[in-house]
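Working notes, structure below.
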Amino acid sequence: MQKIKYSVLFLCVLLFTQCEVEYKDFKPSNGEADFTTYVALGDSYTAGYTDGALGRRGQESSFPNIIAEQLAMVGNNGFNQPLVKSNGSVGSGGIGYYQLKMLINPNTQDTSITPLPGTGDMAIFAEKIYDASAPAHNLGVPGAIAASLLAPAAGGNPFFSRFSSNQTTSVLIDALVQDPTFVSLWIGIYDVLGFALGGGEIGAPTSPLQFANSMGTIVSQLFTDTGTKGVIANIPDIEALPFFSYILSDGFKPLVIVDGDAPGGMRQLQPGEKVLLTAAAALQTGAGQSLDKPLEAKYVLDAQELAAIKSATEAYNETIKSIANQYKFAFVDLNALMKNISSTDGIILDGNKYSSTFVTGGVFSLDGIHATARGSAIIANEFIRAINKQYNANIPQAAINSYGTVTYP
Amino acid sequence: MNKFFIAVLLATMAVNSYAEGYQVNVQSQKNTAMGHTGTALMLGASSVHFNPGALGLMQKDYDFTLGGSGVFSNVTFSKLNSTYQTETESPTGTPFYFYGAARLSDRFVASLGVSTPFGNSLAWNEDWDGRYLIQDISLRAIVVQPTLSFKINDKLGFGAGAMIVLGGVDLNKALPVTGPDGEAHVNLKGSTTAFGYNAGLYYQASDALSLGVNYRSKVAMEMEDGDADFTVTSALSSAFPSDTKFDAELPLPANLTFGAAIKVNQQLTLAADLQYVFWDAYQELVFDFEPNTPQLQDSYNPRKYENTLIYRLGAEYVLSEKLIVRAGAYYDETPISDDYVNPETPGMNKIGMSLGASYMLTNNWSVDASFLYITGIERDAGYQPANFYGTYNSRAIIPGIGVTYSF
């Protein structure tokens, strides 16, 4: 018995000393790049705009911030974001974050879940948060086109004046002052999006030549110092965004639409043409169902407008690719990523399937254009993969399941 | 010691994943101590499980043995291309066994076994990175096996038993739908009774050499009307109805084992088993939900297990009239290929090393103890259908104790 007692005691000791099981440790490495000072240039996506507005929640999960969290393991010295001071949010139209609400139809008692805009906090535009001792590394300016990065005050963009060093500076100047060792540049979608969001009724996509000039100026100034390295991303086809695909996602409908060029000023929608998410309210009140009430042109991208957007997008992406090649930057094919997400099969990552379905797809937020926090993490991982490949680095990927998607009521 | 036994028997019947797939290697302390060999051994009533044929040649009139083990197991996960690491917090498993054999006549021996040859109990952190695949699972299968053995002649015994399997599964996984109270999750719980058989031949080739062959059939655990309990925000309750039921089938694979044992001298016996496991019975796990909604579709999960071999070696040494010591080792191949390693059953090749002893308290009573240490061979793999990849490591420490009464 004595012996057995001792053996039991011995086994107990073993249990507590031998229970450590091994892990396979990740070995981070900066490779051929220096990530000490990382600066991000771009538009709403870079800024962390989500659910139709800019607020702290979206900024904290902006894709550059997620990249920077990973770069902290390969020598990054810290990444300052121009965080909104209030608890609120504000979008370019003055609204606050969209939220999913449960609505009850008073006639049928049917319930539906619909995104509704919140109240924007306009005071955010009046914030002056520039701090010379800790300037913002995230220089993403919501709504910026390529030329905005060169323009004084970003062309009068109130999102930039919040954190710009002075009232006449440009985004590029505020970037150069920091002497970055590494830069991410993802710009250009608003060069077509401004036109597309208005149903192609106002303005036109930036001419490819003008886009190429702006881009050439930006990169030649940022990368005169040969030590600075970077990552550049192309822009997705707008057709991959739920904002342009959701309304007809159940199938084509021969809606009656306004078209000044058509006999009688109206015609039927043609297959392939896009109805914008903003048309949802008008459609509910019967617009597009009859000749008496055709759907306004600002809610529709017709074949001509789509062709203009497509050719501009292709030209911009050629410019971006040739810059990547010329400067030997890491190149992120976000157009391909978004194409995969919006394909029938979607993409499967870490146990979940993602698609471009509005609300439920997981990648796109409630505005149908910008990313959810998890969408940002998926984008950040594409950047990291490209940087690792180009600079022989070993930056760990972000764990996307740690980031949220949309919240149901 | 009495208190210890009571604790073992009253503990929950969940068992841990300390063998490959979800088969368990602690069916008797004596056999466990010898690398879980036993097809060509006569170690008493545990032959009900290892080879009912051996009981046909049982020397004694009665043999009863019971015992249990404590399983302290741990699995770690290091995510591919990431600094993310985590480990399981699995509850302590407590597999148990009881075997009793009684001689009916010169040629017939009747016996009964109650044991837990299959099971899996694994708990990851609730909010871990793979939570959409699995949060925790408890799979249990208790086999009740009435058996009859027959002495064909003085050298050859045959035995066969019916396996009545009381099985159940209880698992949780997260759903990628967030409400005000956090992410949704589902609990799937079902149980079933299923049947199979266990038959074996035992041949005493000479005083020194014995041979055995044993076949345990596949058991199809078909769960019908299991409960699918969704915890989801009220706005989505119509998408995930509260009274959802599910059907699923989980096969317990057939095993064919060949064994040989040599009595080298009066003290030393050596044994070897070669066990072929028909894991290819497990090709998919389908949860057929009723009713379906646009958000709640049937869940089809390919498994694609492949047949495997387990190589076992064991030795027994009679130190004195009172004390027998044992040792053994085995190598257990994983049935899971590199693209189908799921954190629900994170398979890898495993090496088991064991020690043990029996101490005769009286002429009739003995205490049997074993200690089994299992280490998994690090595996870089993943589950392709969910695109979830990383590196798994595992280890289990399993002390066990039992008693035998024979005359």
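Quick note: the coordinates plus some simple rules give every number you see, no bench work behind them. Given the structure is predicted, the values throughout are model-derived calculations rather than measurements. Ideal geometry is used to build each Cβ from the backbone, glycine not excepted, and the neighbour counts take in all protein chains shown.
Before moving on, here are some points about what is shown:
- Taking the centroid of alpha carbons for each part, the range A:133-187 and the range B:153-178 are 65 Å apart.
- Charge-dipole axis of chain A as Lys and Arg at +1 and Asp and Glu at -1 on Cβ define it, positive-most pick from A:168, A:134, A:280: A:134
- Förster-model FRET efficiency, 45 Å R0, residue B:195 and residue A:69, C-beta, rounded to 0.05: 0.25
- Relative contact order (%) - criterion: Cα under 8 Å, at least six apart; region: the range B:2-406: 18
- Taken along its three principal axes, the alpha carbon spread of the range A:308-405 comes to 40, 39, 22 Å, from the longest extent down to the shortest.
- Computed E for residue B:239/residue A:20 - FRET, C-beta separation, R0 35 angstrom, nearest 0.05: 0.20
- For residue B:197, the amide hydrogen comes within under 5 Å of the amide hydrogens of B:163, B:217, counting only partners 5 or more places away or on other chains and with H modelled in the peptide plane.
- Calculated [θ] (222 nm, deg cm²/dmol) that DSSP helices of n ≥ 4 give over chain A, each run adding -39,500 (n - 2.57): -9500 deg cm²/dmol
- Taking a ≥ b ≥ c as the square roots of the Cα gyration tensor eigenvalues, the range B:24-152 comes out prolate, since a/c reaches at least 1.5 and a/b is larger than b/c.
- For a straight C-alpha distance cut-off of 26 angstrom, the lysines reachable from residue A:293 (same-chain residues fewer than eight places away being disregarded) are A:253, A:274.
- With a Förster radius of 45 Å applied to the C-beta separation of residue B:89 and residue A:179, the computed FRET efficiency comes to 0.40.
- Per-selection Rg to Rh, the range B:2-406 - Cα, Kirkwood hydrodynamic radius: 1.01
- GNM flexibility winner over chain A from A:350, A:237, A:259 (Cα, springs under 10 Å): A:350
- Distant-in-sequence amide contacts of residue B:80, defined by a placed amide H-H separation under 5 Å and a gap of 5 or more residues or a different chain, comprise B:389, B:390, B:391.
- Of the DSSP H helices in chain A, those whose Cα atoms cover at least 20 Å axially and whose Kyte score averages -0.5 or more: A:2-17, A:208-222, A:303-327, A:373-391
- Rounded to the nearest 20, the Cβ-based charge dipole of the range B:318-407 about its Cα centre (Lys and Arg +1, Asp and Glu -1) stands at 420 debye.
- Separation between Cα centres of the range A:188-218 and the range A:335-380, rounded to whole Å: 24
- Sparse packing (at most 14 other Cβ atoms within 10 Å of the Cβ) combined with a DSSP loop state is found for the following trypsin sites (Lys or Arg not before Pro) in the range B:146-180: B:155.
- Ranking A:152, B:24, A:66 by Cα position along the charge dipole of the protein assembly as shown, where only Lys, Arg, Asp and Glu carry charges on their C-beta atoms, puts B:24 farthest toward the positive end.
- Dipole size of the range B:2-406 about its Cα centre, with +1 on Lys/Arg Cβ and -1 on Asp/Glu Cβ: approximately 1800 debye, rounded to the nearest 20.
- Reciprocal of mean inverse Cα separation for the protein assembly as shown (Kirkwood radius, Å): 30.6
- Alpha-carbon centroids, the range B:340-370 and the range B:45-85: separation in whole Å: 6
- Restraint check, A:27/A:128; B:151/B:263; B:79/B:189, Cα-Cα greater than 32 Å: A:27/A:128
- Under a model in which nothing but the beta-carbon of Lys, Arg (+1) and Asp, Glu (-1) is charged, the protein assembly as shown shows a dipole of about 2180 debye around its Cα centre.
- Taking amide H atoms as placed 1.01 Å from N in the peptide plane, the amide H of residue A:141 lies under 5 Å from those of A:42, A:43, A:47, each 5 or more residues away in sequence or on another chain.
- Phi angles of the range B:303-317 translate, via the Karplus equation with coefficients 6.51, -1.76, 1.60 and θ = phi - 60°, into HN-Hα couplings of 10, 6, 5, 10, 5, 9, 10, 10, 10, 10, 10, x, 9, 10, 9 Hz per residue; Gly and Pro are given as x.
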